[in-house]
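One structure is given below, encoded as C-alpha cells.
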C-alpha cells in the first residue's frame with residue numbers, strides 16, 4: 001500500500017516573509033486586520049461577521065461543473081478530467097451591494113456525500129458554514145499570499161478601478177488528508193485599514 005503524502009501549507013515564517021514582500025510592493029504597511037484575513041486558518045466568513053458586526057451572505061456569481069484540466073488536477077491531486085464544482089461568490093453584508101471578499105473555489109465532486117454536494121452545487125451558503133453544518137473535521141493549508149491587480153470582475157465586485165491593488169491568498173481545505181476544496185480569496189488593499 002502506498003503511503004499518503006501529508007499536505008503542507010506555508011509555515012508562519014513564510015507567511016511573514018510574504019507579508020513583508022507585499023508591503024514592499026505596495027509601499028505601505030498592511031493593517032492587522034488585513035494580515036489576519038490573509039493568514040487565518042479559520043473561517044473567513046466568521047471573521048468578516050465579527051469585523052463588520054453583521055451577518056455575511058453569499059452572492060453567487062458563477063456556479064458550474066467543469067472537467068479538471070491537467071493543471072487543476074495537479075493542484076487538487078485528482079485525475080485529469082474529473083468533475084469539479086467551480087464557484088465564484090461575493091461575501092458581503094446583506095445590506096450592501098459591495099463585496100467584502102471575492103472567493104473562487106474548486107471542489108472535486110467525487111467522494112462527496114450527497115448533502116454536501118447539494119449544498120456546494122446549488123445553494124448560497126458560505127463554504128465555512130457548509131463545513132460546520134456537516135460537522136466536517138478539516139484544516140486549511142495556505143498555499144500563497146500575494147498582491148494582484150484587479151481585473152474587470154474584481155473591479156466590479158469592489159467598486160474599484162481595473163488595475164487597483166488587491167490582496168489575495170490561495171488555500172486548500174483538507175479532510176482526511178484529501179483536498180476537498182481549493183479557494184482563492186481577494187479583497188482591495190484599500191479595505192480593512
Q) Going by alpha carbons, how many degrees (0 to 90, nearest 10) lie between the helix axis of 12-26 and the longest principal axis of the chain? A) 40
Q. Given 20 °C and 1.002 mPa s, how large is the Stokes-Einstein diffusion coefficient of region 60-107 in µm²/s, with Rh as the Kirkwood radius over Cα pairs?
A. 181
Q: For n ≥ 4 DSSP H runs only, could you compute -39500 (n - 2.57) per run for the chain, divide by its residues and tell me the 222 nm figure to the nearest 500?
A: -9000 deg cm²/dmol
Q) Hey, rough spin-label estimate for residue 62 and residue 133, points 7 angstrom out along Cα→Cβ, what's it come to in nanometres? A) 2.4
Q.
From zero outward in steps of 10 Å, how is the percent of C-alpha pairs of region 91-193 spread across the bins?
A. 14, 41, 31, 13, 0
Q) Which distance in nm do the two modelled labels at residue 162 and residue 69 give, with both placed 7 Å along the Cα-to-Cβ direction? A) 2.1
Q: Would you mind ranking 192, 187 by Cβ crowding within 10 Å, fewest neighbours first?
A: 192, 187
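How high is the relative contact order of the chain, given as a whole-number percent (alpha carbon pairs under 8 Å, six or more residues apart)?
So the answer I get is 22 percent.
Readers should treat all values here as calculations from the given coordinates under stated rules, not as data from a laboratory. Since the model is a prediction, treat every value here as computed from it, not as a measurement. Backbone-built Cβ (ideal geometry, glycine too); neighbour counts: all protein chains shown.
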